[in-house]
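K.L.:
Okay, here's the structure, questions in a sec.
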Amino acid sequence: MTKNCHNDYKMKFSVDDEYPDLSLHNNHMAKVLNKEIYGKLRGKSTPSGFTVDDVIQTGVDNPGHPFIMTVGCVAGDEESYEVFKDLLDPVISDRHGGYKPTDKHKTDLNFENLKGGDDLDPNYVLSSRVRTGRSIKGFTLPPTTAVESAEPLRSCPSRGEFKGKYYPLTGMTDAEQEQLIADHFLFDKPVSPLLTCAGMARDWPDGRGIWHNDNKTFLVWVNEEDHLRVISMQKGGNMKEVFRRFCVGLQKIEEIFKKHNHGFMWNEHLGYILTCPSNLGTGLRGGVHVKLPKLSTHAKFEEILTRLRLQKRGTGGVDTASVGGVFDISNADRLGSSEVYQVQLVVDGVKLMVEMEKKLEKGESIDGMIPAQK
Amino acid sequence: MASSFTRLMSGRNKAVLLAGLGAGTMATGFLLSESSPLSADLKTKLYPPSSDYPDLRKHNNCMASALTPAIYAKLRDRVTPNNWTLDQTIQTGVDNPGHPFIKTVGCVAGDEESYEVFSDLFTPVIVDRHNGYDPKTMIHPTDLDASKITNGMFDENYVLSSRVRTGRSIRGLSLPPACSRAERREVERVVVTALAGLKDDLDHFLFDKPVSPLLTCAFMARDWPDARGIWHNNEKTFLIWINEEDHTRVISMEKGGNMKRVFERFCRGLKQVEHLIQERGWEFMWNEHLGYILTCPSNLGTGLRAGVHVRLPKLSKDARFSKILDNLRLQKRGTGGVDTAATGDTFDISNNDRLGKSEVELVQLLIDGVNHLIECEKKLEKGQDIKVPAPVAQFKK
């Protein structure tokens, strides 16, 4: 369902009358959109009825974020990226380092291609995690509707490391809820206006749920910001193992959905299609919680991160600050490089930063270790 | 343009998807023209209404009480001329199961036609909310002749301030849940142009962005603060809010207890604004069954809330206080308005009803009721006992 007005009456008003006031805005959509593009797109809609006003509403309602440059637009379905390419291609280019409409994206989920990653020092690296998203082909995306995409997950038999259970949010018992919160698995109804203004909290908690394995190392979120968010995680620094499980688990999920004749949304230009343009490509965020109390206060910390193509967040995830010198460090890129490549960047980069931290502990300089731009 | 809950299917995958969805879901065909947008009459749904029906088991609002699966199935595929749908109408009630203090309405109109197109839902909601008023058969009286008011001057030892508010919608433009930016700006233009014709000078400032999920889930905070504002006269005794929950909210207020003067200014100002918009070919949304048409069904009829801030230290502690208010058809709120609690002994007391009685009747009810409350307070001060008054007559059926 779309929440913007879809009346033909609005087409009788001029572009000037309908064009949003973006004078105080600082997000990718506001930087790209102009009256010409808006005029060209406003008469169009995708086959499921998503319009350019639906695409941009979140960016109109949220002028800017204090720490990060937000995207300010979402897709309502797979076709949005085609129908509204005049807006979304430049947004994608801005967000993804100049990615061109003619570029091809490489998918590589062969975990054996990852070098190392099993020896990150657990005295520093407290936990490792890889997440991505997947959209089920043939359904509209969360801004348009929350749909029964979990159906196959509910009924799938599973064994071994993927033996697990689906917990729908509707009708969840208090005991189940407390356990899931204690395990850091439960997701809340979105409160971020970035998501609520894009309609993603509608009908909560209908159709939402969490699947996780008995070992609590692999979980799937259903119908939060994307159809599926797939997460592999564990304590300690064995990113290699986390990534292996991630790749194997993803493959199993894909098989299950294919049996029900649903594939994932993917194409060779945009890779995996997700709700927010920032997650196109791999949709992958691989990261660690790592103790870097000295390095994080070093004058060159930000520059090191940028050169390593990494980003920092607080340990509560996006929108949070770090606690006790512990940072969430993850890959900054999503589109234009493969899963293996992005996780390799995390593995190599974190290894280097831990060595820098150790040097700083000993009072030594790290100037000779500053990496070149990757 | 497509309505809600449409499903995409590319031509190639269509047959495969239909076949594959066999067990556990009932798939009916979704016929698509890939090159052109859908129109409401051409499409059939992929999912049956029963699978789109919202989960309302934990809900306690008028919409949830009224919306049966049969009504949902009947109305799901309808759209108003502005393409407003049932799902959009009920979204706020689905997303907000209940309010701790009040039974909320849980549905909104996107345009004037919503009340007709979705009358199978709105009629029972209106009957429920407005104490048995049946919009199908009953006529709502409109009366803005302030000269009929009697005893409209309160004892200012008790009444600190007096206020009357209502809303008005501009016919021909979608309501705040549904409007496009251009429509919203047009509402502003129409009203501001009219206000320029008033003799008072008016200042402009902005009210707060709605944070109540009752409003945000009904899409009323979109594009904030575009085309929103308040205009008021120098004395701040007459104010107009533009494009908050309704196209316009009109407020007359002043310190002290002169409710008659507040209501006189209210009626005069309303008539002036109406006259000025009519000069330019616009009019307010109104019909003889529903009175003035506003976004929330709770405000149909007069849309009028007349109230006072009044000190009732003894009466408010009396166990019979709520019953007295009920019988007088009054409600209490905290001095911050709806959703607030009272501070100290001062209460916001206002009329409960909106539909089925005229403006004059409701304001007179408020006046008589508050005077009675003050009498009770004075009696209790002197150590005398009070009686619970008989219930005020309901509207003539």
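The values are calculated or read from the model by the stated rules, or taken from the named source; none is laboratory data. The shown structure was predicted, so the numbers you read here are calculated from the model rather than taken from an experiment. Reconstructed Cβ throughout: ideal geometry from the backbone, glycine too, with neighbour counts over all protein chains shown.
K.L.:
Please list, ordered by first then second residue, the pairs with beta carbon atoms under 6 Å, 6 or more apart or interchain, first in region A:160-187 and within 15 Å of A:Phe218 (Cα to Cα) and modelled with pLDDT under 85, second among the β-branched types (Val, Ile, Thr) and surrounded by 12 or more Cβ atoms within 10 Å (Cβ to Cβ).
P.N.:
Matching pairs, first to second residue: A:Phe185/A:Ile210.
K.L.:
Let me ask something additional. So which of A:Arg42, A:Arg95 ends up being of a type outside the set (A, V, I, L, M, F, W, C) and within 17 Å of the chain's Cα centre (by Cα)?
P.N.:
Numbers: A:Arg42 fails: within 17 Å of the chain's Cα centre (by Cα).
Result of the check over A:Arg42, A:Arg95: A:Arg95.
K.L.:
Taking region B:156-201 as the search range and keeping residues that are among the basic types (Lys, Arg) and more than 14 Å from chain A (Cβ to nearest Cβ), which one is surrounded by the most Cβ atoms within 10 Å (Cβ to Cβ)?
P.N.:
Taking the candidates together, the pick is B:Arg168.
K.L.:
Please pick out the residue among A:Lys240, A:Lys165 that is out of contact with any Cys (no Cβ under 8 Å at 6 or more places or on another chain) and closer than 19 Å to A:Thr132 by Cα.
P.N.:
Only one candidate qualifies: A:Lys240.
K.L.:
State yes or no: is B:Leu198 part of a loop (DSSP other than H, G, I, E, B), closer than 30 Å to B:Glu113 by Cα and touching a residue at least 40 places away in the same chain (Cβ under 8 Å)? Break it down into steps so the answer makes sense when it comes.
P.N.:
Working: part of a loop (DSSP other than H, G, I, E, B): yes; closer than 30 Å to B:Glu113 by Cα: no; touching a residue at least 40 places away in the same chain (Cβ under 8 Å): yes.
For B:Leu198, the condition - part of a loop (DSSP other than H, G, I, E, B), closer than 30 Å to B:Glu113 by Cα and touching a residue at least 40 places away in the same chain (Cβ under 8 Å) - is not met.
K.L.:
Specify the residue that is nearest to the other protein chains (Cβ to nearest Cβ); the eligible residues are those in region B:57-96 that are part of a loop (DSSP other than H, G, I, E, B) and among the β-branched types (Val, Ile, Thr).
P.N.:
Out of the qualifying residues, it is B:Thr80.
For (1) farther than 30 Å from A:Asp188 by Cα; (2) basic (Lys, Arg); (3) in contact with a helix residue (DSSP H, G or I) (Cβ under 9 Å, 6 or more places away or on another chain), each residue gets a yes or a no:
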| site | (1), (2), (3) |
| --- | --- |
| A:Gln311 | no, no, yes |
| A:Thr315 | no, no, no |
| A:Thr320 | no, no, no |
| A:Val323 | no, no, no |
| A:Ser330 | no, no, yes |
| A:Gln342 | no, no, no |
| A:Val346 | no, no, yes |
| A:Ile366 | yes, no, yes |
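Yes/no matrix, rows are residues, columns are (1) free of Cβ contacts under 8 Å to residues at least 40 places away in the same chain; (2) in contact with a Ser or Thr (Cβ under 8 Å, 6 or more places away or on another chain); (3) under 30 Å from A:Lys358 (Cα atoms):
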| position | (1), (2), (3) |
| --- | --- |
| A:Phe50 | no, yes, no |
| A:Val74 | no, yes, no |
| A:Pro90 | no, no, no |
| A:Val125 | no, no, yes |
| A:Arg129 | no, yes, yes |
| A:Thr140 | no, yes, no |
| A:Thr144 | no, yes, no |
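K.L.:
Spot the failing condition for B:Glu112; the list is (1) out of contact with any helix residue (DSSP H, G or I) (no Cβ under 7 Å at 6 or more places or on another chain); (2) away from chain A (no Cβ under 12 Å); (3) at pLDDT below 95, and only one is missed.
P.N.:
All conditions are met except number (3).
K.L.:
Say whether the condition of being within 14 Å of chain B (Cβ to nearest Cβ), of a type in the set (Val, Ile, Thr) and touching a Leu at 6+ places or on another chain (Cβ under 9 Å) is met by at least one residue in region A:63-81.
P.N.:
Within region A:63-81, not a single residue is within 14 Å of chain B (Cβ to nearest Cβ), of a type in the set (Val, Ile, Thr) and touching a Leu at 6+ places or on another chain (Cβ under 9 Å).
K.L.:
Kindly list the number of the only condition in (1) outside any loop (DSSP other than H, G, I, E, B); (2) without any contact (Cβ under 8 Å) to a residue 40 or more places away in the chain that fails for A:Val220.
P.N.:
Unmet for A:Val220, out of (1) outside any loop (DSSP other than H, G, I, E, B); (2) without any contact (Cβ under 8 Å) to a residue 40 or more places away in the chain: (2).
K.L.:
Does region A:349-374 hold any residues that are in contact with a strand residue (DSSP E or B) (Cβ under 7 Å, 6 or more places away or on another chain) and without any contact (Cβ under 8 Å) to a residue 40 or more places away in the chain, and which are they?
P.N.:
none
K.L.:
Looking at region A:2-58, which of the residues that are at pLDDT below 90, in a helix (DSSP H, G or I) and crowded, with 17+ Cβ neighbours inside 10 Å is farthest from the other protein chains (Cβ to nearest Cβ)?
P.N.:
A:Tyr9
K.L.:
Looking at region A:243-261, which of its residues are touching a residue at least 60 places away in the same chain (Cβ under 8 Å), in a helix (DSSP H, G or I) and within 14 Å of chain B (Cβ to nearest Cβ)?
P.N.:
A:Ile256, A:Phe257, A:Lys259
K.L.:
Only one residue in A:His65, A:His105 is surrounded by 15 or more Cβ atoms within 10 Å (Cβ to Cβ), modelled with pLDDT of 95 or more and within 24 Å of the chain's Cα centre (by Cα). Which one?
P.N.:
Residue meeting the stated conditions: A:His105.
K.L.:
Sticking with this one: Just one of the numbered conditions (1) more than 13 Å from every other protein chain (Cβ to nearest Cβ); (2) part of a helix (DSSP H, G or I); (3) not charged (D, E, K, R) is not true of B:Ile230; which one?
P.N.:
Every listed condition holds for B:Ile230 apart from (2).
K.L.:
Which of the residues that make up region B:304-320 are in contact with an Asp or Glu (Cβ under 8 Å, 6 or more places away or on another chain) and not hydrophobic (A, V, I, L, M, F, W, C)?
P.N.:
Within region B:304-320, B:Gly307, B:His309, B:Arg311, B:Pro313, B:Lys314, B:Ser316 meet the criteria.
K.L.:
Which residues, counting only those in region B:327-370, are at pLDDT 95 or above and surrounded by fewer than 19 Cβ atoms within 10 Å (Cβ to Cβ)?
P.N.:
B:Asn327, B:Glu361, B:Asp368, listed by residue number.
K.L.:
Related question: Kindly indicate whether any position in region B:279-301 is in contact (Cβ under 8 Å) with a residue 24 or more places away in the chain, over 24 Å from the mean Cα position of the chain (by Cα) and buried (at least 19 other Cβ atoms within 10 Å of the Cβ).
P.N.:
No, there is no match, as no residue in region B:279-301 is in contact (Cβ under 8 Å) with a residue 24 or more places away in the chain, over 24 Å from the mean Cα position of the chain (by Cα) and buried (at least 19 other Cβ atoms within 10 Å of the Cβ).
K.L.:
Something else about it: Using the structure shown, decide if A:Val346 is touching a residue at least 60 places away in the same chain (Cβ under 8 Å) and surrounded by fewer than 22 Cβ atoms within 10 Å (Cβ to Cβ).
P.N.:
Answer is no for this residue.
K.L.:
Here's a follow-up. Of the residues A:Leu292, A:Leu270, only one is under 19 Å from A:His28 (Cβ atoms), of a type in the set (A, V, I, L, M) and crowded, with 17+ Cβ neighbours inside 10 Å; which?
P.N.:
Just a single option satisfies the conditions, and that option is A:Leu270.
K.L.:
Residues of region A:168-186 being on the phi > 0 side of the Ramachandran plot and small (Gly, Ala, Ser), which ones?
P.N.:
A:Gly171
K.L.:
For the list (1) modelled with pLDDT under 95; (2) closer than 16 Å to B:Val192 by Cβ; (3) under 15 Å from the mean Cα position of the chain (by Cα), I need the number of the one condition that B:Arg249 fails.
P.N.:
The number of the failed condition is (1).
K.L.:
Being in a helix (DSSP H, G or I), within 26 Å of B:Lys332 (Cα to Cα), of a type outside the set (D, E, K, R) and at pLDDT 95 or above narrows it down to one residue among B:Val127, B:Val164; which is it? Full working, then the answer.
P.N.:
Working: B:Val164 fails: in a helix (DSSP H, G or I).
Just one listed residue meets the conditions, B:Val127.
K.L.:
For the list (1) farther than 30 Å from B:Tyr53 by Cβ; (2) surrounded by 21 or more Cβ atoms within 10 Å (Cβ to Cβ), I need the number of the one condition that A:Arg244 fails.
P.N.:
(2)
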